[in-house]
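What follows is a short report on a single structure.
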Amino acid sequence: MVNPWRGEVALVVNGEPCVMRLTLGALAGLEVALAEPSMIALVERFEQSRFSSADVLALLKAGLTGAGFKDAAQALDHAEIEGGPMTAARAAAELIARTFVVPEP
């Protein structure tokens, strides 16, 4: 079960339910991986639909890493994400949104 107040988002990877969240460290790594100068620029990139599948994958990897999954980077490179690329993109967008917006009660 995910906790939206912690910024958590669910994703099913290789048939296993996973919880993702972006910690400050995961966000810093994501800025470097996506060559963005700030968190605001990173958010704007996704809000303006200027992202690629590689960006979505980097975001999911950061979310899994932030949630404590070891080897998330290698595991996702060849993983099957339930729902395919569209579900992955939705989960990435939700992860960004939950990180920077407080959920409604």
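What follows is calculated from the coordinates using simple rules that are stated; it is not laboratory data. Owing to the predicted nature of the structure, the values given are computational and were not obtained by experimental measurement. Here the Cβ positions follow ideal geometry from the backbone for every residue, glycine too, while neighbour counts run over all protein chains shown.
Before moving on, here are some points about what is shown:
- Placing a pseudo-label 7 Å from each Cα along the Cα-to-Cβ vector at D77 and E31 gives an inter-label distance of 2.6 nm.
- From its DSSP helices (H runs of at least four residues, each -39,500 (n - 2.57)), the chain gives a residue-normalised ellipticity at 222 nm of -16000 deg cm²/dmol.
- Taking amide hydrogens as placed 1.01 Å from N in the peptide plane, the amide H of T23 sits under 5 Å from those of G66, each at least 5 positions away in sequence or on another chain.
- For the chain, the longest site-free run once trypsin sites (Lys or Arg not before Pro) in DSSP loop states with at most 13 other Cβ atoms within 10 Å are removed: 1-49
- Built amide H within the under 5 Å cut-off of C18, gap 5+: L11, V12, V13
- Simple spin-label estimate for W5 and T87 in nanometres, 7 Å along Cα-Cβ: 2.8
- Cα-based shape type of segment 1-88, given that a ≥ b ≥ c are square roots of the gyration tensor eigenvalues and the cut on a/c is 1.5: prolate
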